[in-house]
Amino acid sequence: MLLTISVCIPVYNTEPFLLQCLRSVITQEYAELEIVIVSDASRGKDEQGRTAKKIVHLAQKECNAFRKSKNLPKLKIKFVEHHENRGILEVRRTLCYEAHGEYICFVDSDDEMEQGALCGFFDRNRDPADIIQGKTSSGTFDDNGSFIPSQKNRFASITIGQLTGHQIFHEWVTNGNISGMLWGKLIKRELLVKAFDNIPYSECNFAEDYLISFFITQFARYYTGIDNNVYRYRITSGVSSTRKIDTLHKWEMICSTASVFTVISQWLKQNQSQTQITNEEVDYIRRRTTIYLANNLTQMNQTVIPELQTAARQLLCEYWGEHFVQSVEEGVLGALREPQGPQ
C-alpha cells in the first residue's frame, strides 16, 4: 500500500525544527512511502542558515542512507513551493493534490512522528478505515532533543475502536471525542479530495483543520482509533497568541479564521436537509464560531499595537460582520459555556 507522508511548512515559520521533523519521517520503516513537502513561499532558515530547500536536500541524503541500511526501496522527497503566500489551508490542499498515495498523513514541520508510527497504523491486521487515528503527545524538547510531555494535552481527543457513518461526525462535533487536528491520523486521499471539492479557495491560517475536519468527518464511512502513540506536537512553536502584532497583514492572518465558519455556514444552508446533521450539532458549531470570534477579540485587545487598534477592529468587522462583533463584545459569549467539542 502506497502511503503519503506530507510535511507542511507554514509561511510564518522559520525552519529551526524542520530537519528534526524530517528525520522522524525518513526513519519510518515503511516500505511503500512517498514524502511531499510544500513551502508556502517560506523564507525561513535554520540556525545554520539553511533554507527549507537545502534542509530537504540534506534529508534526502540521510534518507537514502537509512533506507539502504534497512533494505527498503528508495524514495524521493518531493519539494513544492508556492510562489506567494496562500495560507495553511491552501498548503494542505496542495499537499493533497501533489500526493499519490491511498492515505495521507500530515506532519507539521515543527512536530515529529513517533518511531514506528506508520507500521503501527496497520499492525494486527486491522481492516483499513477512511480515518485511522493514533495517540498524540504534546510537549517540549530539551537541549538534547529529548521530548518532555506536558501535563495537559488538549489535542489528545480520540475514540479507541471503530465508528461508522454519522457517529464519526457526532463524536467530533458534539462530544469532542475525535481531535479536530489533521495530524496524528491517516486519512484516505479520496476523502480529503472530496473535502477540498467543497472548500473554496481561501487564504486561511487559523482553524483550517477545523474546516477540513468538518467535511472529512461528515463524509467518512469508517473511523478507527488505535492505542498507539504516533505523533509529538511541539507546544512552544507556531504563531503565538501573545506575540505583538504590529502590521495589518499579521492581523489579517488572525481574522482569516472567519472564513472557516463562513464556508461551513454556507454549506449547511445548502445541504443540511440532505444530511443527518441535527440542529443540536449545528448549535455546537455556532457556539464554536462565537468562541473563535471571542478569542480574536481578546487577541486584538492584548496583542495589536495601539496605533493599529482602530484599523484592526474595522478589519475584524469586515471578516466577521459588525453586528456579530458587537454582540460578542457586549457579552453574549459570557452567557455561553464552551461545549466539549473538537479542537
Report summary line: When every protein chain stays in place and a 1.4 Å probe is rolled, HIS83, HIS166 sorted by accessible area with the largest first are HIS83, HIS166
Query raised in the report: For the stretch 198-310, with the dipole built from +1 on Lys and Arg beta-carbon atoms and -1 on Asp and Glu ones, taken about the Cα centre, which of GLN276, TYR233, GLN218 lies farthest toward the positive end?
Result: TYR233
Query raised in the report: Once the piece of chain linking ALA41 and SER265 is laid out straight, how much longer is it, given 0.36 nm per residue of separation minus the C-alpha distance between them?
Result: 77.6 nm
Report task. Sort out for me the Cα centre separation of the stretch 275-332 from the stretch 35-49, rounded to whole Å. Result -> 32 Å
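Taking K and R as +1 and D and E as -1, what net charge do the other residues with C-beta under 15 Å from the C-beta of HIS323 add up to?
On the way: positive: ARG286, ARG313; negative: GLU318, GLU322, GLU329, GLU330.
Taking every other residue near HIS323 into account, the sum is -2.
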Report summary line: Note: ASN175 to TYR201 extended length (0.36 nm per residue) minus current alpha-carbon separation gives 6.4 nm
Report summary line: On each of the three principal axes the extent of the alpha-carbon atoms of the stretch 226-333, given in whole Å and largest first, is 48, 42, 24
**Report entry** Cα-projected label distance for THR27 with GLU330, points at 7 Å along beta-carbon direction, nm
**Finding:** 5.8 nm
Query raised in the report: With labels modelled as points extended 7 Å from the Cα through the Cβ direction, what inter-label distance (nm, one decimal) is found for THR310 paired with GLU190?
Result: 5.7 nm
Report task. Compute the length gained on full extension between GLN302 and ASP123: take 0.36 nm times their separation in residues and subtract their Cα-Cα distance, giving the result in nm to one decimal. Result -> 59.7 nm
**Report entry** Local electrostatic count at TYR233 - Lys and Arg +1, Asp and Glu -1, tallied over other residues with Cβ under 14 Å
**Finding:** 0
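Stick to Cα atoms and the Kirkwood definition of Rh, then tell me Rg/Rh for the stretch 194-282. Please report the intermediate quantities before stating the final value.
Working: Rg = 16.4 Å, Rh = 15.8 Å.
Radius of gyration relative to Kirkwood radius: 1.04.
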Query raised in the report: Where q = 0.08, 0.11, 0.12, 0.14 Å⁻¹, what log10 of I(q)/I(0) comes from the Debye formula for the chain, counting one point per Cα?
Result: -0.38, -0.74, -0.89, -1.21
Report summary line: Given a Förster distance of 45 Å, the FRET efficiency implied by the Cβ-Cβ spacing of LEU248 and GLU98, rounded to the nearest 0.05, works out to 0.90
Report summary line: So the FRET efficiency between ARG287 and GLU84, C-beta based with R0 = 30 Å and rounded to 0.05, is 0.30
Query raised in the report: Using the Cα gyration tensor of the stretch 147-246, with a ≥ b ≥ c the square roots of its eigenvalues, what is the shape: rounded (a/c below 1.5), prolate (a/b larger than b/c) or oblate (neither)?
Result: oblate
Report task. Could you sort 151-159, 260-268, 87-95 so that the peptide with the highest average Cβ count within 10 Å comes first and the rest follow in order? Result -> 87-95, 260-268, 151-159
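The values are calculated or read from the model by the stated rules, or taken from the named source; none is laboratory data. These figures come from a predicted structure and were not determined experimentally. Here the Cβ is made from the backbone with ideal geometry for all residues, glycine too, and neighbour counts use every protein chain on show. Only protein heavy atoms, including side chains, enter the accessible area calculation; ligands, DNA and RNA are left aside. Shrake-Rupley method; radii C 1.70, N 1.55, O 1.52, S 1.80 Å.
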